[in-house]
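I have placed the structure first, in the form of structure tokens, so that the comments after it can refer back to it.
The values are calculated or read from the model by the stated rules, or taken from the named source; none is laboratory data. Fair warning: this is a prediction, and the values are worked out from it, not measured in the lab. Reconstructed Cβ throughout: ideal geometry from the backbone, glycine too, with neighbour counts over all protein chains shown. Protein only, heavy atoms only, side chains kept; ligands, DNA and RNA dropped before computing areas. Shrake-Rupley method; radii C 1.70, N 1.55, O 1.52, S 1.80 Å.
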Amino acid sequence: MFRLLILSILLFASSPVIRGTTYYVDASGGSDDNNGLAVASAWKTLAKINSSKFAPGDIILLRRGSVWREQLNFPSSGSAGSPIVIDAYGAGELPLISGADLVAAGSWSPCNSCGPNIWEAAVKTKANVVIFDGAKGNRKTASTELSSPGDWFWDSGVLYVFSNAEPSSAFQHPGIESGARPTGLNLTGIANVTVKNISINGANAVPYGEGAGIFAITMHLQGPTPEGLIISHVIVSNGAGDGIHIENANQCSVDSVLVHDNDGAGIEVYHSNGKFPITSGSITNSEVHHNGFNGIFLVGCPRGERCRSVVYPDGLIITNMRITGNKLHDNGAGIYLHETNDSLISGNVAYSNTNTTRKGEGYCVGISGSSSNIIEKNDCYKARLAGIELSIDTGRPAFGSSENIIRYNVVHDDGTHGIFTNYDPSQHNRIL
């Protein structure tokens with residue numbers, strides 16, 4: 001038996017290791033006529049990736065310092081034991097995928113009917129976000145409301161901006177960018193892909209639209225569905241909707257990301273399809289700030305309500321999520337869970353979550369219709385409302401947040417309550 005065991009180990013050790021193919025993409029020095037298999041023969045565009053097929057274990061490397069004004073619609077799934085990896089190579093800034101286009105320098109002219117310092121340019125695609133030298137601008141509802149640098153308004157194919165000087169001379173690093181594509185990285189229906197060391201900016205989709213900075217959702221609500229996604233060390237910023245939106249995707253992890261200045265949620269996990277349960281996942285060690293809605297938002301489907309065109313009488317629940325070690329500030333709320341059970345919210349710092357632009361409720365940690373969770377070792381302060389709130393959901397009939405444990409938290413200097421739980425059907429919560 002011992003000899004057989006040794007022989008088996010030797011045979012296993014001598015078996016060839018199956019490795020995938022590595023592809024290189026360089027926005028400035030590559031060519032789509034190349035084979036992509038070496039730095040010197042890199043591809044050029046994301047469109048080349050979109051039109052290719054990849055196998056489990058393959059690696060796609062984007063050159064640092066490159067900028068693509070394209071949408072990456074990733075075409076292939078890996079396998080559970082052999083994911084496909086999207087990563088960076090070279091030196092310099094993270095490779096950038098932009099959902100926005102630069103407004104051509106020669107296209108600006110004064111708006112004679114708008115008042116002083118208001119300029120106009122033809123921009124065909126409806127802009128939901130406009131970026132001025134890397135800073136997200138202030139959307140207004142009419143050209144007559146533009147009064148400060150960074151103010152903008154789009155209507156009927158024309159973009160209006162306020163600028164004290166001709167815009168192409170006032171903004172040159174890199175200039176004025178207008179939202180053009182709904183998503184930076186589209187992982188619809190894609191499973192077992194690892195994404196790391198890239199930056200995504202200026203996605204044009206609005207919240208709950210078809211897109212986000214990183215967008216992963218079930219294909220046509222029937223499948224396939226994303227799962228086994230690993231997103232780490234990425235930056236997602238300046239989007240018109242959610243930063244990272246993961247929907248009906250199980251066993252996904254988001255770690256060590258920076259998500260900021262998006263109009264929707266920073267990181268959202270949404271369960272909207274009963275065919276695809278969410279029974280595990282994690283959001284860890286990330287910084288999420290200045291997003292219009294919740295920093296981290298986990299949401300199932302309330303009882304009797306319509307979610308993506310289907311009504312679920314018993315609702316849909318997310319379970320077994322781990323939210324740990326995150327820093328969340330200046331969002332509509334810090335961490336907010338709807339219809340989420342048996343999960344851990346631990347070791348997070350959440351403060352100054354007071355943004356009301358999308359009616360965020362301002363909690364450091366809030367749970368609604370969510371039970372059997374552990375909320376521990378969090379530092380919660382300067383919330384617009386309660387530091388930690390356990391409340392009922394508005395489903396029909398309403399249901400509560402029960403059997404939760406709240407312990408070892410530091411909660412102070414909040415707008416209303418320190419820790420709040422409301423009436424039946426919320427019950428049996430332990431605050432220690």
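Where a ≥ b ≥ c are the square roots of the eigenvalues of the C-alpha gyration tensor, would you call the chain rounded, which needs a/c under 1.5, or, failing that, prolate if a/b is larger than b/c, or oblate?
The shape class here is oblate.
Volume of the convex hull of segment 206-313 (Cα atoms only), normalised per residue: 87 Å³.
Once backbone amide H atoms are built at 1.01 Å from N, GLU227 has ALA191, ASN192 as its partners under 5 Å, excluding neighbours fewer than 5 places away on the same chain.
Set Lys and Arg Cβ to +1 and Asp and Glu Cβ to -1, take the dipole of the chain about its Cα centre, and tell me which of ASN201, GLY106, ASN331 lies farthest positive. Working it through, the farthest residue towards the positive pole turns out to be ASN201.
Relative contact order of the chain, please, whole-number percent, based on alpha carbon pairs below 8 angstrom and at least 6 residues apart.
8 percent
Spread over its residues, the convex hull of the C-alpha atoms of segment 367-417 is 66 Å³ per residue.
What is the sum of charges, Lys and Arg at +1 and Asp and Glu at -1, for the other residues whose Cβ falls under 15 Å from the Cβ of GLY81? After counting each charged neighbour, the total is -1. Summarising the amide proton neighbourhood of CYS111: residues at separation of 5 or more, or on other chains, whose placed amide H is nearer than 5 Å comprise ILE118, TRP119, GLU120. Over the chain, what percent of the accessible surface lies on carbon and sulfur atoms, probe 1.4 Å? Looking at the chain in its full context, I get 54 percent from C and S. Output the antiparallel fraction of DSSP beta bridges having both residues in segment 197-337, as a percent to the nearest 5. Once the DSSP bridges in segment 197-337 are tallied, antiparallel ones form about 5 percent.
For segment 75-132, the equivalent ellipsoid derived from the alpha-carbon gyration tensor has semi-axes of 41, 15, 9 Å in decreasing order.
Which residue fluctuates the most in the chain, going by a Gaussian network model with Cα springs under 10 Å, if the choices are SER109, SER391, SER76? In this elastic network of the chain, the residue with the biggest mean-square fluctuation among SER109, SER391, SER76 is SER109.
Enter the per residue convex hull volume of segment 311-359, computed from alpha-carbon coordinates, in Å³ rounded to the nearest integer.
76 Å³
Take the Cβ atoms of THR141 and ARG322, set R0 to 41 Å, and the FRET efficiency comes out at 0.50. Put the Cα centre of segment 118-142 next to the Cα centre of segment 391-411 and the gap is 41 Å. Relative contact order, whole percent, for segment 330-421 stands at 29, derived from Cα pairs under 8 Å and 6 or more residues apart. For segment 44-111, the list of trypsin sites (Lys or Arg not before Pro) that fall in a loop by DSSP and count at most 12 other C-beta atoms within 10 angstrom reads LYS53. Computed over segment 166-274, relative contact order equals 25 percent, with contacts defined as Cα pairs under 8 Å that lie 6+ residues apart. Could you list, by residue number, the cysteines of the chain that have no other cysteine's beta carbon within less than 4.7 Å of their beta carbon? Flagged as lacking a Cys partner: CYS252.
Each Cα pair of segment 122-222 feeds into the Kirkwood radius, which the Stokes-Einstein equation turns, at 20 °C and 1.002 mPa s, into a diffusion coefficient of 142 µm²/s.
For ARG308, the amide hydrogen comes within under 5 Å of no other amide hydrogen, counting only partners 5 or more places away or on other chains and with H modelled in the peptide plane.
If you count the DSSP beta bridges with both ends in segment 88-220, what percent of them are antiparallel, to the nearest 5?
Of all bridge pairs located within segment 88-220, approximately 75 percent are antiparallel.
Summing charges over all other residues whose Cβ lies under 13 Å from the Cβ of ASP32, with Lys and Arg as +1 and Asp and Glu as -1, gives -1. Evaluated at q = 0.11, 0.13 Å⁻¹, the base-10 log of the normalised Debye intensity for segment 21-146, with identical point scatterers placed on the Cα atoms, takes the values -0.54, -0.68. Between ARG19, ARG384, ARG322, the residue with the greatest mean-square fluctuation in the GNM of the chain (Cα pairs under 10 Å linked by springs) is ARG19.
Among ILE278, ILE86, ILE367, the largest mean-square fluctuation in a Gaussian network model of the chain (Cα springs under 10 Å) belongs to ILE86.
Hey, quick one: spin label on LEU221, modelled 7 Å out along Cα-Cβ, who in segment 293-316 has an amide N within reach, i.e. under 19 Å? Correct set: 299-316.
Which of the pairs LYS136/LYS377; LYS136/LYS359; LYS48/LYS275; LYS48/LYS124; LYS44/LYS327; LYS275/LYS382 have their Cα atoms more than 29 Å apart in this structure?
Where the Cα-Cα span goes over 29 Å, the pairs concerned are LYS136/LYS377; LYS48/LYS275; LYS44/LYS327; LYS275/LYS382.
With every protein chain present, what is the per residue accessible area of the chain (1.4 Å probe, Å²)?
Using a 1.4 Å probe on heavy atoms only, each residue of the chain averages 42 Å².
Antiparallel as a % of all DSSP beta bridges within the chain, to the nearest 5? Taking every DSSP beta bridge within the chain, about 20 percent pair in antiparallel fashion.
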